[in-house]
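As structure tokens, the structure follows; a few thoughts come after it.
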Amino acid sequence: MTTVKRLAAYSVVMAILLLVFSLYTNPELYVSVSNLFWSCFGGF
């Protein structure tokens with residue numbers, strides 16, 4: 001694996017981790033996504 005590919009892979013992983021961290025700091029987003037998900041099943 002070349003250095004450029006490795007750097008690109010590390011930056012993608014870091015972006016994903018930052019996205020997950022930002023989701024943890026905004027719990028209302030989890031509630032809205034889960035409501036959207038369960039509405040697909042008829043709102044059990």
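The values are calculated or read from the model by the stated rules, or taken from the named source; none is laboratory data. Because the structure is a prediction, the values reported are computed rather than measured. Reconstructed Cβ throughout: ideal geometry from the backbone, glycine too, with neighbour counts over all protein chains shown.
Criterion first (surrounded by 10 or more Cβ atoms within 10 Å (Cβ to Cβ), assigned to a helix (DSSP H, G or I) and not charged (D, E, K, R)) does residue 36 satisfy it?
So residue 36 does not fit the description; no.
Give the number of residues within region 1-10 that are exposed (fewer than 10 other Cβ atoms within 10 Å of the Cβ) and at pLDDT 85 or above.
Matching residues across region 1-10 total 4.
Considering only region 12-30, how many residues are over 10 Å from the mean Cα position of the chain (by Cα), in a helix (DSSP H, G or I) and surrounded by fewer than 10 Cβ atoms within 10 Å (Cβ to Cβ)?
2
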